[in-house]
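Chemist: Here's a structure for you.
A short reminder: the numbers here are calculations on the coordinates, not readings from a lab. Model, not experiment: these values are computed from the prediction. Reconstructed Cβ throughout: ideal geometry from the backbone, glycine too, with neighbour counts over all protein chains shown.
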Amino acid sequence: MDAERFVVITGGPGSGKTTLLEALAAQDFKTLPEAGRGVIRAQQAIDGPALPWRNPALFAELMLSWEMRSYAAARNMPGALFFDRGIPDTIGYLRLTGLPVPDHIMRATETMRYNRRVFIAPFWPEIFGQDAERRQTADEARRTFDAMETIYDELGYELVPLPFTSVTGRVKFVMETLGPACRA
């Protein structure tokens, strides 16, 4: 099943998710990039409306589209794949911003499932930072973590908190947690 091969790494912004995924890619694992940053970069390049600070609902729809496209593309790739966030993150984002969750997004989370174990990066104040794309405050980053933890739990995933350790330590933790299946 594809779902067993599809491993999500989620959490709040600035918690080391992307750095971990880059380290996994350096070890020849296939990774899929985060939708949020991709959408923000594309929208900033064209001064588009689908930015979280301009139109959060449109931003969420583009994130959903990106994640669904990534999921479909992953089906044609062999072996284990690591996703920088997943479709449920869109729901977490909508809830965080106080927007309703449309039925079609819930259906997407029901039909496009990931590995039952989801790695979640806790808020880590020592490494958190803002940039041109990550405008969230530390408080928003904490609340984002909480929102992701809640939605993945509600959807029946087993949350596996990433340890506060080096990138190498986190890679080792992920490999040990997944066991031989991650090399399949």
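Chemist: Among DSSP beta bridges lying fully in the stretch 2-178, give the percent that are antiparallel, nearest 5.
Modeler: Looking only at bridges with both residues in the stretch 2-178, the antiparallel portion is about 0 percent.
Chemist: When SER65, SER70 are ordered from fewest to most other Cβ atoms inside 10 Å of their Cβ, what list results?
Modeler: By the 10 Å Cβ count, ascending, the order reads SER65, SER70.
Chemist: Given H placed on each backbone N at 1.01 Å, which residues far from THR31 in sequence or on other chains put an amide H within less than 5 Å of it?
Modeler: Excluding prolines and chain starts, which carry no amide H, the hits are PHE82.
Chemist: Continuing with this model, one more query. Counting other beta carbons within 10 Å of each Cβ, put PHE123, PHE164 in order, fewest first.
Modeler: By the 10 Å Cβ count, ascending: PHE164, PHE123.
Chemist: Can you list residues whose amide H is under 5 Å from ALA121's amide H, if they're 5+ apart or on another chain and H is modeled 1.01 Å from N?
Modeler: THR10, GLY11, GLY12, LEU162
Chemist: Which helices, taking whole DSSP H runs in the chain, have alpha carbons extending 18 angstrom or more along the helix axis plus mean Kyte-Doolittle at least -1.0?
Modeler: Details: long enough: 56-74 (27 Å, 0.53); 138-154 (24 Å, -1.06).
Those that pass (Cα extent of 18 Å or more, hydropathy at least -1.0) are 56-74.
Chemist: Given a cut-off of under 8 Å on Cα pairs at least six residues apart, what relative contact order in percent is computed for the chain?
Modeler: Values: 276 pairs, mean separation 65.6, N = 184.
Once divided by the residue count of the chain, the mean separation gives 36 percent.
Chemist: Hey, what's the per residue convex hull volume over the C-alpha atoms of the chain, in cubic angstrom?
Modeler: 111 Å³
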